[in-house]
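Trainee: Before we start, here is the structure in question, set down as structure tokens.
Just so it is clear, none of the values below were taken in a lab; they were calculated from the coordinates. As the structure is a computational prediction, the values presented were derived from the model and not from experiment. FYI the Cβ positions are ideal-geometry reconstructions off the backbone, even for glycines, and counts take in every protein chain you see.
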Amino acid sequence: MLEIQHLSLSVSIEGRRVEAVSDLSLQLQPGRVLGLVGESGCGKSLTAQAILRLGEHQGVRKTGGDILLDGASLFDIDQAALRKIRGGRIAMVFQEPMTALNPVFSIGSQIIEVIRLHLDLDKKQAEQRAMDLLKDVGMQGVAQLLKQYPDALSGGMRQRVLIAMAMAADPDYIIADEPTTALDVSVQKRIIALLLNLQKQRNLGLLLVTHDFGLVAELCDDVAVMYAGQIVESGPVMEIFDHPAHPYTRALMACRPEVFEAGQALQVIEGQVPPPGRWPEGCHFAARCPLRQHDCEQPVAASAWRQGEHHARCLHVMQS
């Protein structure tokens, strides 16, 4: 199991350290898909990158909690051991496929580098594996493709290459951070279908970071809703869709375009996500919440409301 336990992260803003993720807990199990959903600026990508300690060179610091892989802390290992886990046990598919590949190296050299870093294969064997991986993600003319550079590929093709690289060492877990960003709708559907197919075939644990509740409903087994650095609601997908408890979850679901008829004005959530360093003392969503009361100014525990595996960080749960 890949488990985040009460994780808190800080970042540097204008020369001072501020908390950007607060007391966050998640579990990712083999064979299951966990959706991490919320607006931009809530800390989803920061959390996803923290699993592989990718933000450390940019000043992200752990101030509390831990991340465990099979019970062992990922913060207690050295960089050599961490490099084996990155791409080996846990792989990541980054957002922005147009910039995620190195433009000065061929597609083949980039995939083969990952393969040889983690697997005991010679160059010829690694090249054959690279071609097999590209075929697995639906690419054609793979021998020629290995010689091409990223600028010769469309956004959808580049994302398929990134997925092939993520699968190179047969990882146990994949983190997909907004994997369809900047892709058109038809390509998005193909990329998501590809990821889900690979996840089922290989019994992977998949963490899908997204702002799209429609994708969560279609793909995920479990979902965690994130707002201003905190998980405000979590549980099985169908339970949360049928009985959303937190006002923020309900507001997000009400904003989905598919629930509106043609010509209807889309619903919005008034206000903005408060940035790190400007969170209120109590409930982080209070300023935008229709149920706000005086006691919302007090800190709210992660499991202020609980029903089985369904949790909500709210003192005034909206039950349906």
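Trainee: What percent antiparallel are the DSSP beta bridges of the range 113-269, to the nearest 5?
Mentor: Given both bridge residues lie in the range 113-269, the antiparallel proportion sits at roughly 55 percent.
Trainee: List the lysines whose Cα sits under 20 Å from the Cα of Lys84, skipping any in the same chain fewer than 8 residues away.
Mentor: In chain and number order, the partners are Lys123.
Trainee: What are the residues whose amide H is under 5 Å from the amide H of Gly277, where those residues sit 5 or more places off or on another chain and H is modelled from the backbone?
Mentor: Glu19
Trainee: Another question, then. For the range 1-68 and the range 80-110, compute the distance between their C-alpha centroids and round to whole Å.
Mentor: Rounded to whole Å, the Cα centres lie 20 Å apart.
Trainee: Assuming a ≥ b ≥ c are the square roots of the Cα gyration tensor eigenvalues, decide whether the range 183-233 counts as rounded (a/c under 1.5), prolate (otherwise, with a/b larger than b/c) or oblate.
Mentor: oblate
Trainee: Also, quick follow-up: Looking at the chain, send over the antiparallel percent of its DSSP beta bridges, to the nearest 5. Mind showing how you got there, number by number?
Mentor: Working: 29 of 48 bridges.
DSSP beta bridges in the chain are roughly 60 percent antiparallel.
Trainee: Taking Cα atoms of the range 244-320, Rg/Rh with Kirkwood Rh, to two decimals? Don't skip to the answer; put the middle values down first.
Mentor: Numbers: Rg = 14.1 Å, Rh = 13.9 Å.
That ratio equals 1.01.
Trainee: Determine the dipole magnitude for the range 244-320: charges of +1 sit on the beta-carbon of Lys and Arg, -1 on that of Asp and Glu, nothing else is charged, the reference point is the Cα centre, and the result goes in debye to the nearest 20.
Mentor: Numbers: 7 positive and 7 negative charges, 18 e Å.
Dipole size: approximately 80 debye.
Trainee: Then there is this: Round to the nearest 10 and give me the degree value, 0 to 90, for the angle of helix 185-202's Cα axis relative to the longest principal axis of the chain.
Mentor: With both axes taken from Cα atoms, the answer is about 80 degrees.
Trainee: Which peptide among 158-171, 89-102 comes first, and what is the full order, when sorted by highest mean count of other Cβ atoms within 10 Å?
Mentor: Working: 158-171: 23.4, 89-102: 19.6.
Going from most to least packed, we get 158-171, 89-102.
Trainee: With charges only on Cβ, +1 for K and R and -1 for D and E, what is the dipole size of the chain about its Cα centre, in debye, rounded to 20?
Mentor: 720
Trainee: Right, something else. Can you pull the semi-axes for the chain, root of five times each eigenvalue of the Cα gyration tensor, sorted largest first, whole Å? Show your work: numbers first, answer last.
Mentor: Details: eigenvalues 252, 103, 62 Å².
That gives 36, 23, 18 Å for the three semi-axes.
Trainee: Any aspartates and glutamates with Cα under 19 Å of the Lys200 Cα? List them, leaving off those in the same chain fewer than 8 positions away.
Mentor: Cα-Cα hits under 19 Å: Asp132, Asp136, Asp170, Asp172, Asp177, Glu218, Asp221, Asp222.
Trainee: To continue, here is another question. Would you mind pulling out the separation of the Cα centroids of the range 266-310 and the range 138-166, in Å?
Mentor: 43
Trainee: Considering the alpha-carbon set of the range 163-269 alone, what are its Rg and its Dmax in angstrom?
Mentor: 15.2, 48
Trainee: Quick one: which residues, 5 or more positions from Gly35 or on another chain, have an amide H under 5 Å from its amide H? H modelled 1.01 Å from N in the peptide plane, none for Pro or chain starts.
Mentor: The list, which skips near neighbours in sequence, is Leu208, Asp221, Asp222, Val223, Ala224.
Trainee: Let me ask something else about it. Through the Karplus equation 6.51 cos²θ - 1.76 cosθ + 1.60, θ set to phi - 60°, convert the phi angles of the range 79-86 into ³J(HN,Hα) values in whole Hz; use x for Gly and Pro.
Mentor: Whole-Hz 3J(HN,Hα) from phi for the range 79-86: 5, 5, 5, 5, 5, 6, 6, 5.
Trainee: Reachable lysines from Lys44, Cα under 19 Å, same-chain residues fewer than 8 places away excluded?
Mentor: Of all the lysines, those that pass the test against Lys44 - Cα under 19 Å, at least 8 places apart if same chain - are Lys62.
Trainee: At a 10 Å Cβ-Cβ cut-off, how would you order Glu178, Glu14, Glu309, fewest neighbours first?
Mentor: Least to most surrounded, the residues fall as Glu14, Glu309, Glu178.
Trainee: Work from the charge dipole of the chain (Cβ charges, +1 for Lys and Arg, -1 for Asp and Glu, about the Cα centre) and give the residue of Ala166, Leu219, Leu24 farthest towards its positive end.
Mentor: My answer, from the dipole projection, is Ala166.
Trainee: To make sure I understand, if each residue's beta carbon is the centre and we count other beta carbons within 10 Å, what order do Asp172, Asp221 fall in, fewest to most?
Mentor: Details: Asp172 19, Asp221 14.
Ordered by Cβ neighbours within 10 Å, fewest first: Asp221, Asp172.
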